[in-house]
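J.: Following this message is one structure expressed as structure tokens.
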Amino acid sequence: MSFLSGSRSFRGHACRVFSLVEIVNAQERYPFIVVLPFSFVIFLVSITAEMKRIPFDLPEAENELVAGFHTEYSGMRFGLYFIGEYATLVVMGALVTVFFLGGWHGPFLPPMVWFILKALTVPLVMIWTRATLPRLRYDQLMHLDGSFSSRVTDQYRGNGGIVLLAR
């Protein structure tokens, strides 16, 4: 959770507004992934954990549990559950596109095509990550969230605040 708040604060400071359209318009010259790469990584890790994707899927690790939605639901209920999970991936991809990838800005193609390409690339990367990363143990996850992410985002916010005050 501390990761998400650390990422959010600098996106707003970089363009000085919280309107999604204005955030995209602020990225007309350079997308925020170039300007704020650390914030992008923080946000990507945060949404991965929020969606309970590997390596953060400890509550519903399907190959280790004999409970949960994998055994409780079957047929159409199970299908609807999975459609919901992948719809969340697409929505998060759209948010990453708006916040960091420049939204609908891009050369040669119409704006809607750029937005769809960028928004569908993020779920592809998330699915690829799920296939390649191992699952974290509970102690590793607690260390990542409890000590590492808190310190990293607090330092990031502090340094960013100093930079913003220096302007």
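J.: Can we say Leu136 is farther than 16 Å from Val91 by Cα and either assigned to a loop (DSSP other than H, G, I, E, B) or in contact with a helix residue (DSSP H, G or I) (Cβ under 9 Å, 6 or more places away or on another chain) (or both)?
T.: Yes, satisfied.
J.: I want to confirm something. Restricting to segment 76-112 and keeping residues that are in a helix (DSSP H, G or I) and small (Gly, Ala, Ser), which single residue is nearest to the chain's Cα centre (by Cα)?
T.: Once the filter is applied, the top-ranked residue is Gly93.
J.: Return the pair list, or none, for Cβ contacts closer than 6 Å from residues in segment 125-143 that are farther than 16 Å from Val41 by Cα to residues that are of a type in the set (Phe, Trp, Tyr) and modelled with pLDDT under 80, at least 6 apart or on different chains.
T.: From residues that are farther than 16 Å from Val41 by Cα, there are no pairs.
J.: Quick check: anything in segment 67-84 of a type outside the set (Asp, Glu), within 30 Å of Ile23 (Cβ to Cβ) and either at pLDDT 75 or above or in contact with a strand residue (DSSP E or B) (Cβ under 8 Å, 6 or more places away or on another chain) (or both)?
T.: Yes: one or more hits.
J.: Please count how many residues of segment 23-64 are modelled with pLDDT under 80, hydrophobic (A, V, I, L, M, F, W, C) and assigned to a loop (DSSP other than H, G, I, E, B).
T.: 4
J.: Since Met112 meets every condition but one in (1) surrounded by 11 or more Cβ atoms within 10 Å (Cβ to Cβ); (2) modelled with pLDDT of 80 or more; (3) out of contact with any helix residue (DSSP H, G or I) (no Cβ under 9 Å at 6 or more places or on another chain); (4) among the hydrophobic types (A, V, I, L, M, F, W, C), which condition does it not meet?
T.: (1)
J.: To continue, here is another question. Are any residues in segment 117-139 surrounded by 13 or more Cβ atoms within 10 Å (Cβ to Cβ) and among the charged types (D, E, K, R), and if so, which ones?
T.: Within segment 117-139, Lys118, Arg130, Arg135 qualify.
The values are calculated or read from the model by the stated rules, or taken from the named source; none is laboratory data. Computed from a predicted model, the values in this text were never measured in an experiment. For neighbour counting, all protein chains shown are included, and Cβ atoms are generated from backbone atoms with ideal geometry for every residue, glycine included.
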